[in-house]
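Single-structure report; data block below.
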Amino acid sequence: MRADVLVRGISQLVTAQGAEPKRGAAMRELRVVERAALAIADGKFAWVGPQRDWSGEAASIVDAGGRAVVPGLVDPHTHAVWTGDRLADFEARLQGVAYEEILARGGGIRSTIRATAAATEEQLVALARPRIAALVRSGATTIEVKSGYGYSVEAELRMLRAIHALAAQAPAWIVPTLLIHVPPAEAAEREEYVKAVCEEMIPAAAREKLAQAVDVFVEKEAWSAAEAERMLTAARAQGLRMKLHTEQFHRVGGLELGVRMGATSVDHLEACSEEQIAVLAASATVATILPGVTLHLGLPAAPGRKLIDAGAAVAVGTDLNPGSSPLYSMQMALALAVRLNGLTAQEALIAGTANAAAALGLRDAGRIEVGLPADFSVLHGADWRELVYALGVNPVRDVWIGGQKVESAA
Ligand SMILES: [Zn+2]
């Protein structure tokens, strides 16, 4: 075999195997190759195995220096495009005001919506670029980015166009999602807005190929499950994937709606019940948990341990956003999932790679496997578990995306 690049001197190469989401005990089944090498051709993995078994030729050789290699991480849930800041909210919360109360007062997310609506597409891209760069440095090579601070058909489509412009400039693979976030403050305008979402916004996003999925925030202060069903039905009719932010503060039934409609993922789940865990575990829908929110808002943690023990496929994301999760590191999200949600190191790795890809409907990301894009990271250490162990330093040394080294802390 002739490869473009051979990376050798890998102490441990670790990966999930196979494109299907990993459920329950299968979330602990990793392939670990000791003293490994990998070959890259045309931006894809061309060969993976013990170094002693390599017999091909490579145009260039990179020595990993006895360090561990992990798959490129997949961040399946971010709101990386926004303007303004939420520092006043942060300070209010530190003084004891509840997040929901700030939201109900018209602060919180509504202040981000006002600021984002006033920004140009160029401004949105310029602000998002360093956020994506930070996620990449933390090992993320595929990153979902949601709209959702638009509040009108025009503003929401502008956000999606900004995400597309960002995708063209970013070193990572960007997956765009149309998020229907919060309803108009005036109850009388809700019906009109739902109609505009179903009849204008979703068809335009599909027609212009601006989104791969539609996500709806189901919550007491946001949309009802019945409203979400109408909007997700419109999404499904356009061939778009369905996702929900749900069971975050209250049991609102978005979880059951998502399972019934065949949503790709249901995200948050901090408030979900034992019965809901069983419903999710028996479905094909991925459970995406977001421990940055738990840390930042001081909320109860999503039941990651219980979901896995019940047989669910669990993914982890940063939920990077200014209000509830200013977390710019996918590595840190996994480190938090181990501490706050009870995942093992093996489960966290799968939750941030193969299962996170499944949460986006992707079959070609999050694994080191011949034929897939050569997305991987070289860690500083020889043991891959440092990925979920380290707090406050970045254990990721080099990040490769599509067979190119895009980041190096060497
Ligand atoms: Zn979110």
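The values are calculated or read from the model by the stated rules, or taken from the named source; none is laboratory data. Quick caveat: nothing in here was measured; it's all calculated off a predicted structure. Cβ coordinates were reconstructed from backbone atoms using ideal geometry, including for glycine residues, and neighbour counts include every protein chain displayed.
Taken over the range 80-108, the criterion of being in contact with a helix residue (DSSP H, G or I) (Cβ under 7 Å, 6 or more places away or on another chain), small (Gly, Ala, Ser) and at pLDDT 85 or above is satisfied by Ala80, Gly84, Ala92.
If Lys243 satisfies every condition in (1) buried (at least 22 other Cβ atoms within 10 Å of the Cβ); (2) away from the ligand (no atom under 16 Å from the Cβ); (3) charged (D, E, K, R) but one, which is the exception? Evaluating Lys243 over (1) buried (at least 22 other Cβ atoms within 10 Å of the Cβ); (2) away from the ligand (no atom under 16 Å from the Cβ); (3) charged (D, E, K, R) leaves (2) as the failure.
The C-beta contact set for the range 40-55 (first residue in contact (Cβ under 8 Å) with a residue 24 or more places away in the chain and buried (at least 18 other Cβ atoms within 10 Å of the Cβ), second residue assigned to a strand (DSSP E or B) and among the acidic types (Asp, Glu), distance under 9 angstrom, 6+ apart or interchain) comprises Ile40/Asp4; Ala41/Asp4; Ala46/Asp4. Taken together, the residues in the range 273-296 that are crowded, with 24+ Cβ neighbours inside 10 Å, assigned to a loop (DSSP other than H, G, I, E, B) and touching an Asp or Glu at 6+ places or on another chain (Cβ under 9 Å) amount to 1.
Count of the range 252-271 residues, restricted to those that are under 17 Å from Val293 (Cβ atoms) and more than 16 Å from the ligand (Cβ to nearest atom), is 0. Tell me yes or no: at least one residue of the range 303-312 is surrounded by fewer than 24 Cβ atoms within 10 Å (Cβ to Cβ) and more than 27 Å from Met332 (Cβ to Cβ). Yes, because at least one residue in the range 303-312 is surrounded by fewer than 24 Cβ atoms within 10 Å (Cβ to Cβ) and more than 27 Å from Met332 (Cβ to Cβ). Kindly indicate whether Ala80 is in contact (Cβ under 8 Å) with a residue 40 or more places away in the chain, outside any helix (DSSP H, G or I) and within 16 Å of the ligand (Cβ to nearest atom). Yes: the conditions hold for Ala80. One residue alone among Thr120, Thr116 is surrounded by 23 or more Cβ atoms within 10 Å (Cβ to Cβ) and not aliphatic (A, V, I, L, M), and that residue is Thr116.
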